[in-house]
1. Got the relative contact order for the chain handy, in percent, Cα pairs under 8 Å and 6 or more residues apart?
2. Kirkwood Rh and Cα-based Rg: tell me the resulting Rg over Rh for segment 86-211, rounded to two decimals.
3. Taking the alpha-carbon distance from LYS70 and a cut-off under 19 Å, which lysines remain once sequence neighbours fewer than 8 residues away in the same chain are dropped?
4. Using the per-residue mean of other Cβ atoms lying within 10 Å as a proxy for protection, in what order, highest first, do the peptides 426-438, 307-319, 76-88 fall?
5. Pairs to check: LYS277/LYS358; LYS25/LYS108; LYS103/LYS180; LYS358/LYS436; LYS103/LYS189. Give those whose C-alpha atoms are more than 20 Å from each other in this structure.
6. Tell me, rounded to the nearest percent, the portion of alpha carbon pairs in the chain spaced more than 30 Å apart.
7. Considering only protein heavy atoms and a 1.4 Å probe, what is the carbon-and-sulfur percentage of the accessible area of segment 86-211?
8. Let me check I've understood the local charge: for LEU190, count other residues with C-beta under 13 angstrom from its C-beta, Lys and Arg +1, Asp and Glu -1. What total comes out?
Amino acid sequence: MDINQINKELFSFLDNSPNAFFAVKNMCDILDKNGMTRLYEGKPWDLESGKGYYVTRNDSAIIAFRIPKKDYKGFMIMASHCDSPVFKIKANAEITVDDHYVKLNVEKYGGLLCAPWFDRPLSVAGRIVVRAEDGIETRLVNVDRDLMIIPNLAIHMNRQVNDGYTYNAQVDMLPLFCEKGEESDSFMKLIASEAGVSAEDILDTDLFLYNRMPAAMLGLNNEFISSGRLDDLQCAFASLKGFVEATPKDSVAVHCVFDNEEVGSGTKQGAAGSFLKDTLHRINSSMGKTEEEYLMDVASSFLVSADNAHAVHPNHTDKSDQTNRVYLNKGVVIKYSANQKYTTDAVSGAMMRAIFDKAGVPYQTFTNRSDMLGGSTLGNIAQSQVSLNTVDIGLPQLAMHSPYETAGAEDTAYLVDTARVLFSSSFEETGNGIYKLS
Ligand code: CO
């Protein structure tokens with residue numbers, strides 16, 4: 001596989017996906033180009049074997065699936081997430097300072113690193129909901145230019161800043177938008193004009209800041225990639241690319257990307273919501289299968305929860321576990337946690353290793369240090385809706401939850417290969433703890 005070509009496609013996806021709404025829209029476009037049919041949750045589904053479909057929820061989560069044949073066996077699922085820690089613009093956002101500046105009122109979304117948001121061009125993107133003739137309508141807006149900045153306080157005014165600083169989100173993190181002019185509401189007027197509507201017709205908004213710096217290759221031999229939102233658009237992209245390239249044979253291939261992982265997944269479009277369960281049930285009933293057949297299928301299914309993992313940090317090597325040390329460009333990471341923050345157990349870990357071997361993909365293992373609390377992800381949360389063999393994996397990266405993260409240039413291709421083989425394979429439960437991989 002051509003690494004440069006994959007990174008070019010990945011960069012284009014990252015640069016054009018400033019947040020979940022755009023990531024989902026871009027995935028829809030790729031699925032359209034590959035001949036998949038769009039479905040709507042509010043309309044009937046009339047599915048046929050041999051075809052591919054996709055459905056979105058809230059414009060910020062997407063499930064695509066391909067049904068190889070009428071008597072399919074189980075679902076091969078890869079789930080990732082398309083939201084990232086960021087600042088959300090509050091309602092009534094404009095704050096005038098000293099009758100001179102206008103800054104915007106924002107709040108944190110997710111567990112973000114504050115420091116790297118300072119002193120760089122930012123802009124705003126998201127969705128607005130506008131009045132329509134017979135109701136309301138959603139529009140995506142991306143102000144595609146350098147627009148705002150969160151200026152640091154000069155070191156002369158805070159001499160101790162390099163000894164550690166506590167960021168106050170309501171004080172330190174508000175972006176400077178413009179100088180105060182004659183007009184009021186300039187921010188909403190800008191959004192309206194970008195969307196081609198009048199400001200009075202905007203009923204509500206979900207707008208977020210984003211870092212304007214595009215994705216880049218770094219390192220002596222271009223061995224690193226850096227971008228905003230690698231967590232988790234790198235996995236979402238690889239899952240989609242593998243899905244499109246796969247040849248499903250016995251199982252339904254399911255590419256699933258949830259929203260709101262960074263805030264606990266507890267929304268209708270998050271992993272704790274019913275989106276995956278509802279979709280699998282509708283596939284089952286549209287293909288004329290009984291509820292018992294659904295449960296048999298779930299027993300022969302496999303969920304790969306793909307969310308990025310921490311590589312050993314070059315300046316903080318002691319933060320990583322002693323014997324499970326993850327490095328960039330060394331392959332896909334299997335994540336373990338005794339407390340099941342990660343779902344991997346011996347069976348699902350072995351299933352995953354069998355898939356890696358089939359794909360010829362290198363892999364490594366991650367656990368947190370036993371004296372450190374780690375993060376969690378969507379894999380275990382999804383179990384309350386659909387309970388099945390699940391493994392947690394991810395791609396190695398540094399600076400997780402910074403608006404500019406770093407990963408390995410070779411690793412995306414490893415996950416594309418993994419996804420393609422996963423979506424082309426099946427696990428059939430033939431006995432207790434016995435699974436046939438084909
Ligand atoms: Co993540």
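1. Working: 962 pairs, mean separation 98.3, N = 438.
Computed value for the chain: 22 percent relative contact order.
2. Details: Rg = 16.0 Å, Rh = 15.8 Å.
My calculation puts Rg/Rh at 1.02.
3. LYS51, LYS249, LYS289
4. On the way: 426-438: 13.4, 307-319: 15.9, 76-88: 26.2.
Answer by packing, highest mean first, reads 76-88, 307-319, 426-438.
5. Details: LYS277/LYS358 28 Å; LYS25/LYS108 24 Å; LYS103/LYS180 9 Å; LYS358/LYS436 13 Å; LYS103/LYS189 15 Å.
Too far apart for the 20 Å limit: LYS277/LYS358; LYS25/LYS108.
6. Numbers: 42735 of 95703 pairs.
I get 45 percent for the Cα pairs in the chain exceeding 30 Å.
7. 45 percent
8. Working: positive: ARG145, LYS189; negative: GLU94, ASP144, GLU183, ASP185, GLU194.
So the environment of LEU190 carries a net charge of -3.
The values are calculated or read from the model by the stated rules, or taken from the named source; none is laboratory data. This one's a predicted model, so the numbers in the text were calculated from it and none came from an experiment. So basically every Cβ, Gly included, is an ideal-geometry build from the backbone, and we count neighbours across all protein chains shown. Remember, those area values only see protein heavy atoms, side chains included, never the ligands or the DNA or RNA. Shrake-Rupley method; radii C 1.70, N 1.55, O 1.52, S 1.80 Å.
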